[in-house]
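Have a look at the structure below, then the notes.
The values are calculated or read from the model by the stated rules, or taken from the named source; none is laboratory data. Keep in mind it's a predicted model, so treat the numbers as computed, not measured. Reconstructed Cβ throughout: ideal geometry from the backbone, glycine too, with neighbour counts over all protein chains shown. Surface areas here come from the heavy atoms of the whole protein model, side chains and all, with no ligands, DNA or RNA. Shrake-Rupley method; radii C 1.70, N 1.55, O 1.52, S 1.80 Å.
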Amino acid sequence: MQKKVALIVGSLRKESFNRKVANEFIRFAPDNLKLEIVEIKELSFFNEDIENNPPQEWLDYKKQLDDADAFLFVSPEYNRTIPGVLKNAMEIGARPPKENSWKGKPGAVVTVSPGLIGGLGANQTIREAAVSLNIPMMQQPEAYIGQIKDKLLEDGVTVNEKTEKFMKTFLEAFEIWVNRF
Ligand SMILES: Cc1cc2nc3c(=O)[nH]c(=O)nc-3n(C[C@H](O)[C@H](O)[C@H](O)COP(=O)(O)O)c2cc1C
């Protein structure tokens, strides 16, 4: 049975490398995984005062998480941790506590950076937050896609062959992980 995977991209930038990699994951997805980006850019700041009377955009977003069978985070690293917009999206998805939209569904994380370290800090931070969100995270393979500019072909959107191979290996492992739940 085909599983729905909500792709959460941690950058709002139009020319985001993370979004480009997320789109490549969509292109490489095996038949049994349907990957779709769930947008986070319209989400207002989380505020506990209104979590029981949330704005419509929070509800629409949570519905998309609720409809998903699994989650794939693709994010940059900002100042060795994660972008605030991604953290905000995590909070909104998790609240109110009895309506945690992440709860118990499998996930995985990929970080992408022009830098050498490939967003290691952000990758670990997402895994840390996943403990509280209650997303069982795939442990291996880890995916730190560093030096991304060198991994894109001249068109600026297609990843090179080696990266494609790695991304497909990652997806194969993720499909197995998702099917365990
Ligand atoms: C506020 C800010 C902080 C950043 N901190 C880091 C960092 O800690 N580690 C890193 O590898 N890159 C860092 N960068 C560079 C980003 O990796 C780079 O801008 C990247 O292209 C962002 O991802 P995107 O292309 O998907 O938008 C930072 C960029 C910004 C704007």
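Over segment 3-179, Cα pairs under 8 Å with separation of 6+ residues give a relative contact order of 25 percent. Annotation: the antiparallel percentage among DSSP beta bridges lying fully within the chain is about 10.
Dividing the helix sum by the residues of the chain, where each DSSP H run of 4 or more adds -39500 (n - 2.57), gives a mean residue ellipticity at 222 nm of -12500 deg cm²/dmol. When trypsin sites (Lys or Arg not before Pro) are flagged only if DSSP places them in a loop and at most 16 other Cβ atoms lie within 10 Å, the longest unflagged stretch of the chain comes out as 104-179.
The mean accessible area for residues of segment 3-179, using a 1.4 Å probe and ignoring ligands and nucleic acids, is 51 Å² per residue. Length gained on full extension, Glu48 to Asn134, computed as 0.36 nm times the residue gap minus the Cα-Cα distance: 29.0 nm. Here segment 28-181 yields Rg over Rh of 0.97, to two decimals, using C-alpha coordinates and the Kirkwood radius. The accessible surface of segment 3-179, taken with every protein chain in place and a 1.4 Å probe, is 50 percent carbon and sulfur.
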